[in-house]
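All remarks here apply to the structure that follows.
The values are calculated or read from the model by the stated rules, or taken from the named source; none is laboratory data. From a predicted model like this one, the values you see are computed outputs, not experimental measurements. Note that we place each Cβ from the backbone using ideal geometry, even for glycine, and neighbour counts take in every protein chain shown.
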Ligand code: N01
């Protein structure tokens, strides 16, 4: 990196034509990408729409937000010192603590100097003549760099459904993914919540305890497993830290990249009583480990039915009103939509100030000045919370005007669903990388290690390009087509691709229905990424 370039980036210039790398987003991906880029001596600059680092954990400040991957498995791996010094307080870390961790990392590795906050990247156009990306930012900045890394997150483009009358509502509206930093006090308020996904199930019990009255509008009930959260057992934490590598090595061998035990015996070979015992023990342990009760839960419909019925039984056990229990009971495939990890969610419906409204057959009609109209009934609210999720995996990328070779727009290329090579790169968009992009395991895995694996892969690739005197890397169309076909084929092997979820874009009207993440499992994916490198970046054209 030349002194001149580095100095300009630090000085916060509004335009710069000599950057090596532009990184979009200052979440865990963008932060680590910057750290690696600096290590390679690249002049890099991060643009971030928010006012601080942390990405998901910066935006999602709704009450009860916490990670449902256990704390000892949800942290960076690249620095032994960082891993040794940081202490988590709970089994599942709450959002403020994860955000504190992100800030700690930014300080510890002195990242902020090359970050520009409150700045959204609006446009990234590839210039064939110079072989560089021209990038326009929301503050009118014009930038140019040889490489661009989209560290834009998989669940960062909030989905606020276009319900009629949205603007007419006189009360306050909130989206869980864009929660006010000062927090919201619902004391004495009548609150409506739309949605019953992970964000809703974490926030509903807490909002219910605070609000005067809470009404939940449910379109699809969800399966949950209990979190059993509590103070982190510091003995266990010390044990993990004594050999962090062993836990992480084990995690890398699991399909979801999380160290959970998976029972490979077929579920239907066990008798009813034995199977129930297995489910009960997983239930008592809590968390995603439940999915490991039997390795074929997502492959065999009959096996899946047994887990689904077990969970419905748990709902009937805790919900007093059988009609409400019935309404809360999912009948789709267990684990097909993202499994939720809850704390007192179903129990919340035993409260006298909480009401559940089924909008599965008749959508919410409209918002009104006083509240909301659904099922022919008017509901009065002081506040409405949209827990309606995200335009997942492609939303954050496609809201940027990205144009590759020949002015091809990414939005056009992906009109029938995302196409990428390894979820890392897109043919016709040279020198542009996507961290945990569609076509990679990403959201089906523990996000932080997956982010780190991608950033390491990209960094090694940038190093290779420079070391070998190349100027450009671009996936070959045939390699991309083969990978897309493989992603679709593996999706078909699991029950997971069969239901209407955000994994297939079903939550966004008009979005192509394509199973977006790679289902072939984390170990197979790691192997493929390594193999591509070993074979001299097989499937890529290097020029
Ligand atoms: O969003 P969601 P989320 N009318 O899309 C409903 C991660 N995450 O923010 O299912 C009525 O899951 C929609 O109904 P339906 C995690 O990966 C992680 O909760 O489409 N309802 C659904 O119930 C998660 O999966 C953590 O029929 C409408 C809900 O809104 C992902 O983020 C915590 C509607 C949206 O649920 C997204 O979770 C939180 C409408 N018009 C999130 N539109 C942790 O790690 C949508 N819905 C803990």
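When the range 44-62 is filtered for residues that are more than 10 Å from residue 156 (Cα to Cα), away from the ligand (no atom under 11 Å from the Cβ) and touching a residue at least 60 places away in the same chain (Cβ under 8 Å), the ones remaining, listed by number, are 44, 45, 46, 47, 48, 49, 50, 51, 52, 53, 61. Would you check which residues across the range 91-115 are within 14 Å of the ligand (Cβ to nearest atom) and in contact (Cβ under 8 Å) with a residue 60 or more places away in the chain and list them? Those that are within 14 Å of the ligand (Cβ to nearest atom) and in contact (Cβ under 8 Å) with a residue 60 or more places away in the chain: 91, 92. Selection within the range 187-199: residues that are in contact with a helix residue (DSSP H, G or I) (Cβ under 7 Å, 6 or more places away or on another chain) and under 27 Å from residue 339 (Cβ atoms). The member of this set that is farthest from the ligand (Cβ to nearest atom) is 191.
Any idea which residue in the range 425-458 is surrounded by the fewest Cβ atoms within 10 Å (Cβ to Cβ), counting only those that are free of Cβ contacts under 8 Å to residues at least 60 places away in the same chain and out of contact with any strand residue (DSSP E or B) (no Cβ under 6 Å at 6 or more places or on another chain)? Looking at the filtered set, the residue picked out is 428.
Could you list all residues from the range 459-489 that are buried (at least 18 other Cβ atoms within 10 Å of the Cβ) and in a helix (DSSP H, G or I)? Scanning the range 459-489 gives 459, 461, 462, 465, 479, 480, 483, 484, 487.
When we screen 401, 412 for residues that are over 24 Å from residue 21 (Cα atoms) and either away from the ligand (no atom under 14 Å from the Cβ) or surrounded by fewer than 23 Cβ atoms within 10 Å (Cβ to Cβ) (or both), the only hit is 412. When you check residue 520 against the structure, is it assigned to a loop (DSSP other than H, G, I, E, B) and over 29 Å from residue 195 (Cβ atoms), yes or no? Yes: the conditions hold for residue 520. Among the residues of the range 206-221, is any under 26 Å from residue 289 (Cα atoms), more than 9 Å from the ligand (Cβ to nearest atom) and touching a strand residue (DSSP E or B) at 6+ places or on another chain (Cβ under 9 Å)? For the range 206-221, residues under 26 Å from residue 289 (Cα atoms), more than 9 Å from the ligand (Cβ to nearest atom) and touching a strand residue (DSSP E or B) at 6+ places or on another chain (Cβ under 9 Å): absent. Residue 202 meets all of the listed conditions (1) under 17 Å from residue 344 (Cβ atoms); (2) near the ligand (Cβ under 8 Å from one of its atoms); (3) surrounded by fewer than 23 Cβ atoms within 10 Å (Cβ to Cβ) but one, namely (3). Within the range 321-329, does at least one residue satisfy the condition of being within 27 Å of the chain's Cα centre (by Cα) and either within 22 Å of residue 497 (Cα to Cα) or outside the structural domain of residue 490 (by TED's automatic domain parsing) (or both)? Yes, the conditions are met somewhere in the range 321-329. Check the range 320-335 and report whether any residue there is crowded, with 17+ Cβ neighbours inside 10 Å, part of a strand (DSSP E or B), modelled with pLDDT of 95 or more and within 14 Å of the ligand (Cβ to nearest atom). No. Checking each residue in the range 118-142 for being surrounded by 17 or more Cβ atoms within 10 Å (Cβ to Cβ) and over 28 Å from the mean Cα position of the chain (by Cα) picks out 132, 141.
A count restricted to the range 230-280 and to residues that are in a loop (DSSP other than H, G, I, E, B) and either surrounded by 14 or more Cβ atoms within 10 Å (Cβ to Cβ) or out of contact with any strand residue (DSSP E or B) (no Cβ under 8 Å at 6 or more places or on another chain) (or both) stands at 19.
Could you go through the range 424-434 and let me know if any residue there is in contact with a helix residue (DSSP H, G or I) (Cβ under 6 Å, 6 or more places away or on another chain) and closer than 19 Å to residue 448 by Cα. Yes, some residue in the range 424-434 is in contact with a helix residue (DSSP H, G or I) (Cβ under 6 Å, 6 or more places away or on another chain) and closer than 19 Å to residue 448 by Cα. With respect to the conditions (1) at pLDDT 95 or above; (2) assigned to a loop (DSSP other than H, G, I, E, B), residue 348 lacks only one, and its number is (2). When 49, 84, 106, 129 are checked against the criterion of being within 30 Å of residue 173 (Cβ to Cβ) and not in a strand (DSSP E or B), a single residue qualifies: 49. Test residue 286 against the criterion of being within 15 Å of the ligand (Cβ to nearest atom), in contact with a helix residue (DSSP H, G or I) (Cβ under 6 Å, 6 or more places away or on another chain), on the phi > 0 side of the Ramachandran plot and in contact (Cβ under 8 Å) with a residue 60 or more places away in the chain, and give yes or no. When the stated conditions are applied, residue 286 does not pass them.
Would you confirm whether any residue within the range 161-177 is part of a loop (DSSP other than H, G, I, E, B), more than 12 Å from the ligand (Cβ to nearest atom), assigned by TED's automatic domain parsing to the domain that holds residue 30 and at pLDDT 95 or above? Checked against the condition, which is being part of a loop (DSSP other than H, G, I, E, B), more than 12 Å from the ligand (Cβ to nearest atom), assigned by TED's automatic domain parsing to the domain that holds residue 30 and at pLDDT 95 or above, the range 161-177 yields no hits at all.
Of the candidates 143, 88, the single residue that is in the same structural domain as residue 55 (by TED's automatic domain parsing), within 16 Å of the ligand (Cβ to nearest atom) and over 29 Å from residue 503 (Cα atoms) is 88. Is there a residue being at pLDDT 95 or above, within 16 Å of the ligand (Cβ to nearest atom) and over 15 Å from residue 118 (Cβ atoms) anywhere in the range 76-85? There is no residue in the range 76-85 that is at pLDDT 95 or above, within 16 Å of the ligand (Cβ to nearest atom) and over 15 Å from residue 118 (Cβ atoms).
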